[in-house]
Every structure is written in structure tokens, then in C-alpha cells.
Amino acid sequence: MEKVLLRNVDAPESHTLEVYRARGGYRAWEKALREMAPERVTDEVKASNLRGRGGAGFPTGMKWGFVPKDNPKPKYVVCNADESEPGTFKDRLLIEKDPHAVIEGTMIAAYAIQSHTAFIYIRGELSFGATVLQNALDEAERAGYLGKNILGTGYDLDVILHRGAGAYICGEETGLLASLEGGKGWPKVKPPFPATHGLFGCPTVVNNVETLAAVPWIIDRGAAQYTALGTEKSKGTKLFSVSGHIQRPGVYEVEMGYSFKRFLEEDCGGVRNGKKLKGVIPGGASMPVLRAEEIDGVTMDYESFQAAGTLLGSGGVIVMDDSTCMVRAAWNIARFFAHESCGQCSPCREGCHWMEKIFRRIEHGEGRAGDLDLIQSISGNIAGNTICPFGDAASWPAAAFIKKYREEFEEHITKKKCVRME
Amino acid sequence: MAVEFSPEARQKFEKIVARYPKKDGAMLPVLYLAQREFGYLSTEAIEYVAKIMELPAARVYGVVTFYTMLNMKPIGRHHIQVCRTLPCALVGAERIAASIKKKLGIGTGETTADGRFTLSEVECLASCGSGPMMQVNDDYYEDLTEEKVDKILERLK
């Protein structure tokens, strides 16, 4: 398979403008600026069927198309580089090894919606990535790809690198915008959607790093080459970050529709230390876990993961071998969400902490009869009852762990101890 | 103690603010600048930022307390942050955190008496394929073992 997203990352000095250009970089930018009307750029991305790779999977071209053309307000593009979903580290790789692809994609999106100010919102902890990106932005500006009257076309664009300060919720697009407006990262009620009422009330497009990094390839090669990859409904390629009890962890680019089992066993070398697979979360910690036997026949695309009762999400694959205590794993995830709940909506603010407390007491041998139903009830009361999808993200894994490994939870409660941890 | 930016920091502040479509948008970069200048964000520092940002102090305070990387208390020279989230936990993060606590004689959220280290246990740092891992100030240390951690801590004076 020809690589779309990881096409440059293994080249020496891949982060520099010189190497990026030598490998065809900024060709798409010149093509878009010189030969394509902004609407044509959007149409090409629409035709590619590229979907948002941050987790929600919304069609990218359609998102750009929602931006009103006759609105007199300034328009903004924001590259969402606030990668924080547990199990996900693909954007970090692109940022550190192929920053110009991220920048070029951001610039093309800006041109498509005729924005003159774009932001790259990078999570605060990624200090090295921020330095790499800033250097790349400076290089691009010196080369005339950015700034005023770009390549003599009269088009102006400024790209501002903005560092977050430690908050998972800022990866949610309206939370990100609230943060970029100088506030707490509190998500906003949709509608209105950012496309019409985004940053400072102006039309705004927010796209994930991986989504934008695919755009230059699509513009350069044409949508048809992109749609030649993947399945009927899930086009192109997707990055998967693989972690946990796996022989070869790392970031992999996979053509949509690839066998999940083959991927884990052959590409990633299988479960490490000769142990057996117990469960795997395929799309980041927010997504329902699959038992080992459930991965049979699953392919790596939006539809197949959904049919299996989970979601592709961010592509953060967390592998757990048969020595894993699933109560402890569920507690760990619940603790994450309790820590990261932004505190705006009561069901999530209170419920996430309740779930964390109950999982903790089960793991520590203090579980009570009825605790499992209690968690299911809390989880059901959070999901769908919050402003943003964080509530769902916190409740799905809790409910799935109990449903899929109920006997292990019950064993903890009846034996009043964890029987699996060292 | 009068809390105020140095002339250099003041210049940086003006430059940052000028770039944003609205002044409010510069909040986080300005708070980072203040944290670098003052070491941490005391009540006085927050009031000062509020003044120059032309915002109520309560608004700035709300932002500072919302984000984990903005500190309202002084921290050690080396801020050790051990990731505790699932992918790292599966490959031994708890052992790493325990060994650091033992070596430094402090618990999570505490600073050594000499002000050299502060230890935090934090959520996912996007380094899941190379866990267990920790961040010390700006730097990531990955694929940790207890021996590796010992050597890293020795080097950080």
C-alpha cells in the first residue's frame, strides 16, 4: 500500500522544508492557489470522502462547505492538535516528523474557506512538537508560502501556533474554541455550529491534525486516487496508535478495510510475552472494549467497528492480555474521565466521580451487591445528557467493561478482593 | 512585592496581544509568559495579568485553576510528571511512580525539601506506545525502567 499520511516520517530530516519540498511538499499549496478556485478545493475534498480523523468521523469537505460565503465576518481555520485521547499518539508523530504536511493542510483549508487567520492549537505538554511546528511555520513564511501576498497571488494568511495548558476537554471542538477565546475550555451548545458561529462568533472550521495532513495528498493527486483506497464507505487510509500488551507498539498507517485480527497478529506482532489476548479497545479510551473473540471478522473501518458494537474513534488501539484485571482497567479509565470532566454539566461532573469511586471500591475488595447495576444506571444517566460528547465518552467504556467482563466484576465483589493483580 | 513584567516581558506581551484577533484570545500565552516571569501564578500575578488583559481578576483566576499546567503554587526545579493512564498502567507505570516516590521520599503532589523535585501523576501524555513514560519540565522520557529512572534523576541537579 502506498502511504498517504506516513509518506515522509521515515525520511531523514523529514521535518525540514528542504526535505519536505524535495518529496513533493507544497506542490498542492501552489496548485490550489494558482489553479483552483476556493470552491473547487472544497469540492475535491468532498469528492475524496475524507472524514474527520479526530474521532467523530464527520465528512471534512461537507464541514468546509457549511461555512457561509456571504458572511462579512472574518473566518477562521483551527488545526486541532490537542491530542489527548488515551491510547492515541499519531498526531504527535505527524507534528514532530512531518510538520509541513500539517501546516500545508491547514493552509489549504484556510484558502478553501477564504480565511486569513488560522490557528494550530497544540496541547501544552507537547513542548518539543510546538518548537518543531514553530520552526516549520517560520521556514514556510521565509519561503513565501505564508504571510502577505502569498506566491504573488494576493492571498494573505497568518498561521498562529497556540499552546493549550493541560485539559483533555479542549480537544472537543467547541471546548477548544472556548479555550482559544481565552476562557476555560467549556464546550458550547450546538447548534449553532462553529461553521457559522465559531471562534469569537465568526465562521470557523476545526479539523484534526491527521485530517489536515491528508489534504495536500488529496489536492496533489486528486480525489479519485484517494477514493481508490479503502472500502466502499470508508475511503483512504487511517493511522492507528497501538499500545499496551503488544509486541510492536507504535503508529501504523492502514488502508481502511484491513483485517483487525491480521493487523494485531501480523503487523503488530501479536500479544507480547507469549500471552493471550483478553480484550482490545480499538478507538481510544472513550470507545467500548471488545473481547478477544469479538475481533474475528472485524475490519478496520468506520462501518465494521460500529457493527461490532464499538467505534473507530481516534484509532487508539489499547491491547490487554489475559493477565489484565479488567476492573482495574475500567477504574483507570473512569479515573481519567473523573479527572478530565470540565465540570459544566451536572450529570458528567457528578456521575464521572461516582463511577470512579465505585470502580475503585470494587477493585479494592469493598464492592457491594448492586454496584454493577448502579454504575450502569449512572452511565445511562450521563450518556446523551451533556452539552458535549464527553459524557458519552465517559459512560460507554464503563458500561462496556461491565457488560463484557461481568463475571470478573462479580468475582471481585463476592471474594472481596482483586484476584488478578500482583 | 510589586508584581510587574520586566521591560522585555512587557514587549513580548505587546507582541503576543497584537497577533490575536481579540485581546482575550491571548490569555494562555500571556499566562505562560507570566508563569515564566514570576515562577508561578500567585494571586498578585493573577491580578496583574487581569489588569493588563483588561479583564476581571475572577475571569483570569477561573482560567488559571482550570488548566493543569498553570501553577498557583511554587514547584520544584524539576517537575516530574508520571503518566498513570491505562496504556502506561498496563506496562508498569505504577511501579515507576512507586520507585520515584521511594527514591525521593515524597508523595504525589509534593516537593522535595531542597526544592529540586516536584512529583505529579498525570493523565495521558500521548506517548502510549513508549510507556511507561514521564515528562520532566519540557522533556519526555520514554520506555522507562526503574534503573533508567534512577539514572535520569541523578542527572537532574
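Here, each number is a calculation from the coordinates, and none is a lab measurement. Note that the coordinates shown come from a computational prediction; the quantities given were computed from them, not determined experimentally. Here the Cβ positions follow ideal geometry from the backbone for every residue, glycine too, while neighbour counts run over all protein chains shown.
Before moving on, here are some points about what is shown:
- Among the residues of segment A:234-264, those identified as within 13 Å of another protein chain (Cβ to nearest Cβ) and either assigned to a loop (DSSP other than H, G, I, E, B) or of a type in the set (D, E, K, R) (or both) are A:245, A:247, A:248, A:249.
- Cross-chain or 6+ apart pairs with Cβ under 6 Å, segment B:86-109 first and under 21 Å from residue B:124 (Cβ atoms), then acidic (Asp, Glu): B:97/B:121; B:99/B:146; B:108/B:121
- Just one of the listed residues (A:19, A:9, A:41, A:77) is in a loop (DSSP other than H, G, I, E, B) and of a type in the set (Val, Ile, Thr), and it is A:9.
- Single match in A:285, A:228 (criterion: away from chain B (no Cβ under 14 Å) and out of contact with any His (no Cβ under 6 Å at 6 or more places or on another chain)): A:228
- Candidate set from segment B:64-80 (those that are within 20 Å of residue B:127 (Cα to Cα) and more than 8 Å from chain A (Cβ to nearest Cβ)); member that is surrounded by the fewest Cβ atoms within 10 Å (Cβ to Cβ): B:79
- Count of segment A:265-276 residues which are in contact (Cβ under 8 Å) with a residue 24 or more places away in the chain and away from every other protein chain (no Cβ under 14 Å): 2
- Among the residues listed as B:153, B:125, the single one being within 11 Å of chain A (Cβ to nearest Cβ) and at negative phi: B:125
- Pick from segment A:305-363, criterion out of contact with any strand residue (DSSP E or B) (no Cβ under 9 Å at 6 or more places or on another chain) and of a type in the set (Phe, Trp, Tyr), ranking: nearest to residue A:294 (Cα to Cα): A:331
- Those residues of segment B:96-113 which are touching an Asp or Glu at 6+ places or on another chain (Cβ under 7 Å), assigned to a helix (DSSP H, G or I) and within 14 Å of another protein chain (Cβ to nearest Cβ), in sequence order: B:97
- Selection status of residue B:40, touching a helix residue (DSSP H, G or I) at 6+ places or on another chain (Cβ under 6 Å) and more than 9 Å from chain A (Cβ to nearest Cβ): no
- Scanning segment A:80-108 for residues that are part of a helix (DSSP H, G or I), in contact with a strand residue (DSSP E or B) (Cβ under 7 Å, 6 or more places away or on another chain) and not β-branched (Val, Ile, Thr), we see that the one that is nearest to residue A:151 (Cα to Cα) is A:107.
- Count of segment A:1-20 residues which are among the basic types (Lys, Arg) and surrounded by 15 or more Cβ atoms within 10 Å (Cβ to Cβ): 1
- Number of the condition not met by residue A:64 [criteria: (1) outside any loop (DSSP other than H, G, I, E, B); (2) without any contact (Cβ under 8 Å) to a residue 24 or more places away in the chain; (3) not β-branched (Val, Ile, Thr)]: (2)
- From the list A:144, A:105, A:154, the lone residue that is within 28 Å of residue A:61 (Cβ to Cβ) and crowded, with 23+ Cβ neighbours inside 10 Å is A:105.
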